[in-house]
1. If I histogram all Cα-Cα distances within the range 54-115 using bins 10 Å wide from 0, what percent of pairs lands in each bin?
2. Quick one: if you stick a label point 7 Å off each Cα along the C-beta vector at residue 143 and residue 6, how many nm between them?
3. Determine by what factor the alpha-carbon radius of gyration of the range 1-144 differs from 2.2 N^0.38 Å, reporting the quotient.
4. Report the semi-axes of the equivalent ellipsoid for the range 7-81 in whole Å, largest first, where each axis is √(5λ) for an eigenvalue λ of the Cα gyration tensor.
5. Can you send over the solvent-accessible area of residue 150, 1.4 Å probe, protein chains only, in Å² to the nearest 10?
6. Figure the gain on full extension for residue 163 and residue 103 (residue separation times 0.36 nm, minus the Cα-Cα span) and round it to one decimal in nm.
7. Only Lys, Arg, Asp and Glu count, each charged at its Cβ (+1, +1, -1, -1), so figure out the dipole size of the range 1-155 about its Cα centre, rounded to 20 debye.
8. Over the range 1-96, with every protein chain in place, what whole percent of the accessible area is carbon and sulfur at 1.4 Å, could you tell me?
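The values are calculated or read from the model by the stated rules, or taken from the named source; none is laboratory data. Predicted model, so just to flag it, every value in this text is computed and none were measured. Counting neighbours? That spans all protein chains shown, and the Cβs are built from the backbone with ideal geometry, glycine included. Keep in mind that these areas ignore ligands, DNA and RNA; they rest on the heavy atoms of the full protein, side chains included. Shrake-Rupley method; radii C 1.70, N 1.55, O 1.52, S 1.80 Å.
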Amino acid sequence: MRQILKLLQHNERYVDGCFDLRFAPVEAAKHEAYGAFIEEMTRYRRKKNGIANVRAVYLLDNLRVFYWLFVSEGDGLVAEIESLKNTTNKKDRVQFAGYEALRLPRQGEEGSPWTWQFRADRYNRLEEEITEAVRLKDFETIRQWSYSLKRAPSFAGVRKQAYKLAKKAEAEWQRSASGAFPSGSFAMGWQGRFKEAKQVPLYKSQIRKHLDATSVGVNADG
């Protein structure tokens, strides 16, 4: 998710999708034709000549590969073949696992940095679930909800929404119940420094040994 935010800073277009791991050599060959795996000097020359550069992010989930191709300004094969979406359009925001990436103004900072937040549908569902649990005085669900929310990725947009949800939940508890809120005070923890993703080959001959992979959530950045 951090890698995606990094690439969003310099690329206004993208395309995303998913393919079975057994088709990785074919898909990677196509992305290679777009220029996703070229060296920096070649990228510099392409940019100078008005050709779009492509950066790839992959996520291996069991035997499926989710991908995002971020595309800079310019023409080229990727712009001719793919239906590119604009990263700043609300309806075309980059999404992942119930989150969406967007620019949000931050107090004390110039401009609007990229961040992640809950998608509207997921946020509304969380709000409905906790409101119902509070009204039913379902202590176990409230505690589980609070624990899950504390473990959400601590990006600025997510943090803002999480604290808003927690505040609403505590207010609803005070309105309809008595005593201390079951899960105690809400605070999101720090989830550590950025770590480079583990990588696996996508289009080399070694791909076959990964077809029996059973691990979930292994990243491969192109």
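1. Over the range 54-115, the share of Cα pairs per 10 Å bin runs 17, 41, 32, 9, 1 percent.
2. Going from the residue 143 label point to the residue 6 one covers 3.9 nm.
3. On the way: Rg = 19.1 Å, N = 144, 2.2 N^0.38 = 14.5 Å.
Ratio of Rg to 2.2 N^0.38 Å for the range 1-144: 1.31.
4. Working: eigenvalues 106, 30, 22 Å².
Its equivalent ellipsoid spans semi-axes of 23, 12, 10 Å.
5. Rounded to the nearest 10, the figure is 50 Å².
6. Working: separation 60, 0.36 × 60 = 21.60 nm, distance 1.89 nm.
Extending this stretch completely gives an extra 19.7 nm.
7. Numbers: 26 positive and 23 negative charges, 64 e Å.
Using only the charged Cβ atoms, the result is roughly 300 debye.
8. It is 49 percent, rounded to a whole number.
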